Every structure is written in C-alpha cells, then in structure tokens.
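Report on the following structure.
None of the figures in this text is laboratory data; all of them are computed from the coordinates on show. Treat the numbers as computed from the prediction; the structure is a model and nothing was measured. Cβ placement follows ideal geometry from the backbone for every residue including glycine, while neighbour counts extend to all protein chains displayed.
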Amino acid sequence: MSDHQIVHVIDDDDALRDSVRLFLVNEGLGVRTYGSANEFLAALDAPHAGCVVTDVRMPGMSGMELLAHIAAKGLSLPVIVITGHADVPLAVRAMKQGAIDLLEKPFKAEELIAAVRRGLALGKDSHLNGTPVEVALARRAMLSVRENEVLDRLIKGQPNKIIAYEMGISPRTVEVHRANVMKKTQAGSLSELVRMFLNADRN
Amino acid sequence: MSALGAIHDARWPLKIALGIAASLPGIVLRLALEPRLFDHLPYQAYYPGVLVASILGGLLPGVAAASASTLWVHLWSPPLTDFSSGVRLAFFLGNSLAISGFAEAMHRTLWRPGEAEGRREEAERLLIASEKFRLTQASETIAAFDLDIEKNAAKDVDAVRRIFGFEPGTVVNPQAILRTALPEDVPKIKAALEAAFDAAGDGVYIAEYRIRRPSDGAERWIAARGQVFFEAGRAIRMIGICRDVTDERTAEHALRKSQAQVRIFVERAPISIAMFDRDMVYLAASRAWIETYGRGRDSLVGLNHYKLHSDIPDRWKAIHRGVLKGEFHSDVNDHWIDADGQEHWVRWAAYPWSDEVGGIGGVVLSAEEISAQKRAEVALRESEEKFRNAFVEAAVGFVMGEAGGAILEANKAFCRLTGYSADELKSMRFVDLIHPDDKAGNNVLDERLRAGDIPGYIAENRYVRKDGAIIWVRKSASLTHGAGDGGRWIVNLVEDVTERKRSEETAARTVAQLSAILDGATDAVISIDVAGIVQSINAAGERMFGYERGEVVGRNVRMLMPEGDARRHDEYIANYFRTGVGKIIGVGREMEGRRKDGSVFPIDLALVEAVVYDELIFIGFVRDLSERRNFEIRMDQLAAQRLTAIGGMAGALAHELNQPLAAAGVYLATARRMLSRAPDKPLAPVEDALERAGDQVARMGDMIRRLRGFVAHGEADKTHQSLHALIREIAAAELPEGRTEGLALTLSLNAEDDEVLMDRVQIGQVLSNLLRNAKEATADSPGSHVGVSTELNGEGMIRCEVSDDGPGLADAVRESLFEPLTSTKATGMGVGLSISKSIIEAHYGRIWGESGHGGGTVFSFTLPLASAESEE
C-alpha cells in the first residue's frame, strides 16, 4: 500500500535501532532503519509519508542538522527526537526546528509509540502539533506581566541566570516566576511548555 | 872714792840715804814684777821685812835675807872695801839682781828650802786667796777684806763698805758687821767667827747672813768666806771676801717659794703628779693623783708612797733611787697591774727636785693614766686590725696606690684576681695591669681623677694577669686625702666580671641568634605593648608589609591594618583587658593586613601574650595568606575541575549506559507485548518476569538520570511540588514495603504546608541519598528503624528529618560529612552528601547531620515554602 506509513529510525547505536524496529514492527508499523542521517537522506523518496525517529548525537550530520535540513527542504515529515541528554535549550531548539517531541533515553516504550502515532497522524499537519492556540493564549492571559516575560524568555531558551540578569531580578525570583508559569499553564515539562507556546507563537 | 866706799865712809844719814837710793832700783823692780807675783802670799807677808832686809843688806854686807818668794835675795856679799864705791855699788846692784832672779827661779820650781809644809800650804792658800782677792776686787758685789785681828780693823775696805753700806770712814771689823746683821743671824755669824778663830781648826770662815744696810736700810744677804792665819797659836789675820748674794738668795728664796708654789701647782695640777721627799714620803700630790692612786684617801701628804702601794715593782724603786742621784727617767708606755688586779697603762716621768742648798730634795713623779687611751689605742689597733683584715680578706679586690700611680697596698682578693703576690704588686704601677687596648681610655679617666675633675669613676676594662690570661674587671676608683695635707691616694675597688661579661656576650650572641632566626623566619613576627605600640618587627614583617623597621617600630600597630580593623583594634585590646577574653589570643584567625602601598591582603594572625621583665607584650605571628588564598582557590578549582571531570565522566558514562538501557527497555517491552498478544497464555510468569525486568530497566534509567542530575551544572527545574508526595514516592522506591526484612519505616509527615518550589528530580535524589544512608547505617544493627518526618520551623521553612538508630556519627566524621570525595562507606563514591548539600543550598535551604537522641543519626534539611516566596 502506498499509504503505508513508514517510521524512519535513525541511530548510530545498532542495539537501540534494532530494539526500536522490533518494537514498532510488533505494533504493526512499517520501519526502516538508518545508521546515519546521510544514509536516510540518500534513501528518501519524496512522496513517502511517515515520520522520523532520530537520535541527536550521531557521527556526521547530527539530529539537529537533519531537522534543519528537513525544514529547509519543506518536507512535511514529523520528527521525533530521542536523546541521551536533554536540557531546555536543546528542547527549545528542537521544537523550533520542527520536532514534534523530544524523548530522553531511556524512555518508556509507551511514550515512544504514542509520539510515533501522533506524528503519523499529523502527517502534513505536523504543525498542528500541540495545544490549540486558543488554549495557549487563554493560559497565557492568566500570567502576570513578569510571568509572561519569564515565559517568553524561557521559550527563547534563556537560562534562569540570563533571565535574572536581563530582567534585573534575582535568580530566585526567576525561579519563582518560572514555577508559577509552569503551574498556571499546566505544562508537564519545559519541553511541553515550549511546544505549547511555540506553536502559538508560530501561529 | 867708789860709791860703796863712799857709802862705807859716809856718815849714817848719808848711808841711809845711799841705802835708800840703792834700794830704789829694787823697789822699782819689785813694783814692776808685782803683778806677776801677786799670788805669792808669803812674799806679801814678808814684804816689809824683805824690804828692810834689802836695805840692811845693802848697807851692811853680810846680812842675808832670804825668802822663798820672789824676792830680792840678798846673799852675803864679801866686803868690797878694796874697791871703789862705784864698783861696789855696781856689784851690789848686780848681786841683788842675780840673787833675786835666782830666788825667783827657785821659788817657781817648788824648791823652797827651809820652808815647812804647813807654811807652804798656807802660803799657797794665801796666794790663791790673793788672786781671788784681786779678781773679786773687780766685781762690785764682791768685796775683799783684810782683817788685822789684833788691831780689829780691816784694810782696803772700800768695797766692803760699799757692799755693807757703811759710811765712809767706818771701821770695818767683825763688830761692825755684827751691828748690821739681822738679829736672828747674829748667832750664826758669831759661831762662824769663833770656829774660824779657833787655832785648832782650819781657820776657815764661812757665814751667810742677812744685814740691814745702814745706807738705805735694805735687807741684803751676805755670804762671807775667809781664811784666818795663825801665828804662834794666835789668829792674827783674816783675809776674805764677802759677797752680796741677795739676788741669789732671793732666787733661792723664790725657788723655795716657788717650791711652795710647785707644791700648790702639784696639788692643783690636772695631771697626776706627786712630790716626794728623799724617803718617798708625799709632800704634795695633785687631785688626779690622789684619785687614781690614793686608794680612797683624801690626802697623801706625809704618807710613804711605798707603804701606800705595796705592789710597786722593784724596777720602779730602782728608778726612784736613780732619780735621787739626779737621773731623769720616763716611759711613755708602761704597764702595771695594781693590787686589785686592775690593769693600768701609764705614761710617767720621774725627776728630782732641788732643795735650797742645791741638793736633791726628792722625787717628782708625774703619771698619766693612759689605760683608757691605751684601750682606745688597742681598740683602734684592733679596729685597724679588723679593717686591715677586712681590707686584706675582703671578697672584693682592693688596691691602694699613690696618686702618681704606684701601688702601695693590695688585698688578697686583688692578688687572686691578678695572679700577683702582694709584694710583686707593691713594686708595680696600676697601669701595668691594664690590657694594652684599654690603657688609653683608662688613662683619660685617671687623669681626670687626679686633676680633681671627677670624684671617682666606674669603668669596665680588661686586666692581664700574671699568667697572661685576660679577665674583665669592673673598677670603682676614687681619690682619698690623707689627714691634713698628708698626701693623696687612689683607691680602687675591683671585681672580676669576666663571667658576667661572658654571659653578657652569650646573651648578646643568643639575642643575635634569635634575631637571625626571627629575621630568617618566613612569617612576620611583630610585638606590641599594651598600648598597641610596635616594639619589634622582623625582616619578614618588613617584606610583608612593605615598610622598613624604623617606619613601624614605635608607632601604633593600627598602621598595618585596614581602616575598619584599625579602628576596632584599640577596642579589642581594651576589651581583652576588661574581660580577660581575647578574641584572637592564641587562636589563629584570618584577617586582613594593609601594606605600605595601601593594598589589603589576607593574613592569618596568631597572637600570643607574654610577660617580659614584668611588662606585658603581645607577639603576633602573621602569615600572608595571599599565596594560600591563591592556593586554596587553585585547590577549589582543581576540586571543581575534578568534580567537573567526574561529572563529565558520569555524564559520558550515563550517556553510554543509556544506549543499551534504552535498547534493553525496548526489547523487554516488545517481548512483553508479543507475549500479551499470544493466543495462549501459558507463559504468564514469563510475562511477569519480563515486566519486572522492564521496571528495573526503568529504574536504572531513573538512576542514571539522577546521577546525571547530581553532577550536572544544569539549572534546576523548580516547580511547585508536594514534598510529602515526593517523600512517599522515594520512600516507597528505596524502602519498599515487605521487601526489607527487619527494617521499620515510619513516616511522620506533620508539616501543615508542604508545597515547595523544588526540582522534583533533584530533591528526590537528596531523599534517596539520605534514605539509602539510613538504610545502610542500620544494616548491621538488629531491629532497626528509619524515620522520616517533616514539620514547619516557623520561619517559612519546612524541615525534613531522616533518622536512623544505627551506630551514629563519629565526631571526626561529622566535620567532613558534606565534603566531597569523603565517604565512610567502603563502596561509596563520596559524592552523595556533598551533592545533596549543593542541591539543598541551591534551593536556599540548609542540610546537616547530627547524632540523634539515644543514639543513631539524624539528617535534616530545610526548604523554603512556596507560600513564603515573595514575588517581585
């Protein structure tokens, strides 16, 4: 079937690649695996839909570079990034680059399958990932001025210290604002927060 | 006709005339010779007869008149009738001359033919008397008289008259004399005259008597002496002299009077003096004599000295006898012991006194008791002896010498000091003893001393001993004067101070060594007094603070401190004295110092107080910590780097581990799903095992995540969380119920508010760490208990305590619990607690560990409540 959605798994670690393939196949999905981003790009057929699951740290082209490449090419391929080391800046960058999700190793397999299914469903409408804009805006309205400012900076990927310095407040206060933002927006994690408002920003 | 013939033939008157004329030459000659013949009394006596005889002889040849005296001796001459008168006259004259001369010669040669012995003596006496007579005639107080006893009248009595004060023309004879004599002396004169006139006696007349001079009524003493001449048993003539001896007698009288006065003088003399007669009977004695030797009597007159003092030594009696013979004796230092056993020292003189007649009337004794004096002398001598001994035996060297520099006396100590004997020293000069290098300086001082510029001086210089050794001496020199103008001496008091000098040198050397040590020290050593004034600073101090010694010593130590500390320093000192509590005494303390250029640098200061010669000083040992600070910073950096490295390593490790873990997790999930879809389910246990395996993988993943969180310098993701919920979760994970045997867990989550702003993962790590520690602490103890409790501390914080009843914390461990890389566990990495501390502190809380009541350990940490956070 031509609509058969393929999940492209890119990871330089053989065991991980194999285990993910096995898992996804068991879930009834078509999987193709690549040892590197270049290998994937070389084998890519334009009309094939699906989604990508890629590691970040790989020899040659990194996962982030692949993201950029896909975005530049305008391919409507949702990308799920898996990484051994996640921090806010990475998450923000990944989101901005178009990733629909970021999973930290070792991840729960359930999380992976959920993200893949979401990605496959989105397909072309990958941009529709995330919280509806209205909801995002509504939640934003509940924030105070300071909290809003902190939110914006968080989404930009600024660490707390920079936020504090630029806003002329203590890091502790930044932490307080940040915690309130997370609470009020009901974001489970920073990456979710980013996802939430990044789409809103984009739109 | 010749002269002789003429004479022969002449008529008698003519013959007489011729005879006379012939005698003229004889008379002339006689007169010429008389002065030389005066003392020949027989001549005097026989003169008239001689004269007659000569005339006769001239007239009548053949008549010889001979005399033993120097006379004209006329020998019978043969008639010269045959010759002319002239020849006969000439012959006569010549004969006369020759014979006279011959007779003279005879007389003078003692051959006096025909003269009786007695007559000769008498004549002798007469001759002598006539000489005297002639001499006394010359004196006014002496008168000679020639008394014709038959006629009872004296001749040539002008002088007598003068002496007696007779009127001119008065007949001088014994009666006249007697008339002038004082009545009481008349018997004396008469007796003397009778004795003289007695032909059986020697005819000597001696009398002394007083007269009253008729001329002026004056009382005069007359002394008369005379010789009576007898003829045929009858006194016929007395020739004598009488003298006015009033002056002599007055003198004698005065002498006798003065003897009386002497007696008075003796009696009243302040000295001990006594006058005795020839039998040593007291005639007079002075008060002092009576008191000393009187044996209690008031008067000694009439007492016999020898009877009074029976104990008089024989030698003194011999002396008295000698005195009575006219000897003078004295002794300045006699010694006797009286009958009472009392010792006397006596200075005495014994001499004769003369009576009126010029004999020795007795003895005068003057005695001066010098016992007291003697005792004083003895005492003086003893004290002199003592002084001398003191001088000689003194422990300190004494040396005396002339002002000119020659040594006169030196005591034993000085001899020991110098190694010379006293005799050797006496032939030396002061300057001979002095070390050549010190001579110049010493001379200057001595000159000033001699000149009187300085009364004395004290100096320290070196002597060269006899054996050549050199010693240091301390010398006190002074100039003394003898009695009156008796000369000047230099007296030196000399002590051997070689030992002191040596110990001074040693002390100086020790000081120099200590100074060298101080200056060699790398730490600054600064001493101050109680007012904060710098007493000393060593070389390191100079370098450290950038000052020179002189710029610091004497000024307040504040100058070395930064402003604030400087102001407080005086307070510190005052406080210390007030309370006795030193804030930094003894304890090292990190402070700051200020260099000369104003720069402030860290120092470690240790302060010590000391009492030096009763003065309190503070000594500070200062270490420049700039280096250490740098070192510490470096070490911190290294530690940080190490931690970073560990973090990096952990991160890398975690990253590496993640891969297989992830893969394993996926495989397990796949396996599980496959199994769940299988038509039959015979392998339910397999499924179960796979599930559990999956849990473990997930757990491993969590651990790795946490590990990465431990060392990552990433930001905490602080969100509003429930601490209690987290505690329960972690407790369930670390101490699952039913899984740990014998271990009881108690949760007492009593805090009313547990919402905190925290990074769930990080605080979870802390709780895991503490719980794991608690579990391991109780591992070896039976029936153990772990408890977790929370409560609010009232200051906006929530406190959580994790306690166990294990062995508890050792003191040594407690200090470094939270230090990184220290672990009490054999397999511990030693980062758990230190990272927990970092996490808690990053959350603005505190974490600490202490021993629990009743044993065990309690770890506590605090976190700020979310409600306590203020919004800006």
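Looking only at other chains, what is the average number of their beta-carbon atoms within 10 angstrom of each beta-carbon in A:176-188?
Averaged over the peptide's residues, the number is 4.
Would you mind ranking B:Met559, A:Met196 so that the residue whose beta carbon has the fewest other beta carbons within 10 Å leads the list?
So the residues, fewest neighbours to most, are B:Met559, A:Met196.
Where does region B:458-545 land on Rg(C-alpha)/(2.2 N^0.38 Å)?
Ratio of Rg to 2.2 N^0.38 Å for region B:458-545: 1.90.
Give the Rg (one decimal place) followed by the Dmax (whole number) of region B:309-383, computed from C-alpha coordinates and expressed in Å.
Answer for region B:309-383, Rg first and Dmax second: 14.9, 54 Å.
Between B:Ala390 and B:Arg677, what is the label-point separation in nm under the 7 Å Cα-to-beta-carbon projection?
That separation, rounded to one decimal, is 13.5 nm.
Fewest first, what order do B:Ile847, B:Ile149 take by the number of other Cβ atoms within 10 Å?
Starting with the residue having the fewest Cβ neighbours, the order is B:Ile149, B:Ile847.
What distance in nm lies between label points placed 7 Å from Cα along the C-beta direction at B:Asp340 and B:Gln696?
Between B:Asp340 and B:Gln696, the label points sit 14.0 nm apart.
Compute the distance in nm between two label points, each set 7 Å from the Cα along the Cα-to-Cβ direction, one at B:Val186 and one at B:Asp688.
Going by the 7 Å Cα→Cβ label model, 20.6 nm.
Can you list the HN-Hα couplings for region B:594-601, worked out from phi with the Karplus curve (6.51, -1.76, 1.60; θ = phi - 60°), rounded to whole Hz and with x for Gly and Pro?
10, 7, 4, 7, x, 6, 9, 9
When Lys and Arg each count +1 and Asp and Glu each count -1, what net charge do the other residues less than 13 Å away from B:Leu479, Cβ to Cβ, add up to?
Every neighbour counted, the sum reads -1.
Take every residue in peptide B:663-676, count the Cβ atoms of other chains within 10 Å of its Cβ, and give the average of those counts.
Per-residue shielding by partner chains comes out at 6.
Less than 15 Å Cβ to Cβ from B:His724, Lys/Arg counted +1 and Asp/Glu -1: what total charge do the surrounding residues give?
The answer is -4.
If we sort A:14-27, B:205-218, B:181-194, B:658-671 on the protection proxy, mean other Cβ atoms within 10 Å, highest first, what's the order?
Order by mean packing, descending: B:658-671, A:14-27, B:205-218, B:181-194.
Can you bin every Cα-Cα distance in region B:589-632 into 10 Å intervals starting at zero and give me the percent of pairs per bin, rounded to whole numbers?
Percent of Cα pairs in each bin: 27, 38, 24, 10, 1.
Report Rg(Cα)/(2.2 N^0.38 Å) for chain A, keeping two decimals.
1.08
Cα convex hull of region B:323-426: how many Å³ per residue?
Looking at region B:323-426, the number lands at 187 Å³ per residue.
Length gain on complete extension for the stretch B:Ala868 to B:Asp432, per 0.36 nm per residue less the alpha carbon to alpha carbon distance?
In short, 146.9 nm is gained.
How high is the FRET efficiency between B:Glu551 and B:Ser515 when r is their beta carbon distance and R₀ equals 25 Å, given to the nearest 0.05?
After rounding, the FRET efficiency stands at 0.85.
Of the cross-linked pairs A:Lys183/B:Lys775; A:Lys73/A:Lys108; B:Lys439/B:Lys466; A:Lys161/A:Lys184, which ones have a Cα-Cα span greater than 28 Å in the structure shown?
Over 28 Å apart, Cα to Cα: A:Lys183/B:Lys775; A:Lys73/A:Lys108.
Can you put B:Asp446, B:Asp198 in order of Cβ neighbours within 10 angstrom, beginning with the fewest?
B:Asp198, B:Asp446
Over the whole of A:73-85, what's the average partner chain Cβ count within 10 Å per residue? Rounded to a whole number, please.
Partner Cβ neighbours, averaged per residue: 2.
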